[in-house]
Amino acid sequence: MTWRRLFPLPVLFLWVGASGCGPSPTLGPTKAPPPPRPSPTESQQRLASAQAGAATVLNLAGLQQAIQMFQAQEDRFPTNLAELTVAGYLREIPQLPAGEKLDYDPATGQVGWSPK
């Protein structure tokens, strides 16, 4: 082989080798890894719990509105919640999630829920 054919080869090796030398650039501070995601069953349980809570609040808001309408037309609060269904203000008394019960105060017309 001639000198001219071999000359580009060492130059190529030096150029490739030199390009990988030297300090590597810093990328800045590293971030902590994100927290692990909850499993699908945990997410589904949280979603179901949130939906049940939202449904309970909506049911109680509708019940409170029926009590206020009864009071406005009858000039008194209902003696019990069943009176709202008999008078036609509600089709049925809203059901709460398991383990919860309705609390109704006929003196003030306030309704809420608490654990059984």
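With the dipole of the stretch 51-116 worked out from charges on the C-beta (+1 for Lys and Arg, -1 for Asp and Glu) around the Cα centre, which of 61, 97, 114 lies farthest toward the positive end?
97
Placing +1 at every Lys and Arg Cβ and -1 at every Asp and Glu Cβ, with all other atoms neutral, what dipole size does the stretch 51-116 have around its Cα centre, in debye to the nearest 20?
Around 160 debye, computed over the stretch 51-116.
Since every read-out is calculated from the coordinates, none of them should be taken as a lab result. If you're wondering where the values come from, they're calculated on a predicted model, not measured in any experiment. Please note: Cβ atoms are built from the backbone with ideal geometry, for glycine as well, and neighbour counts cover all protein chains shown.
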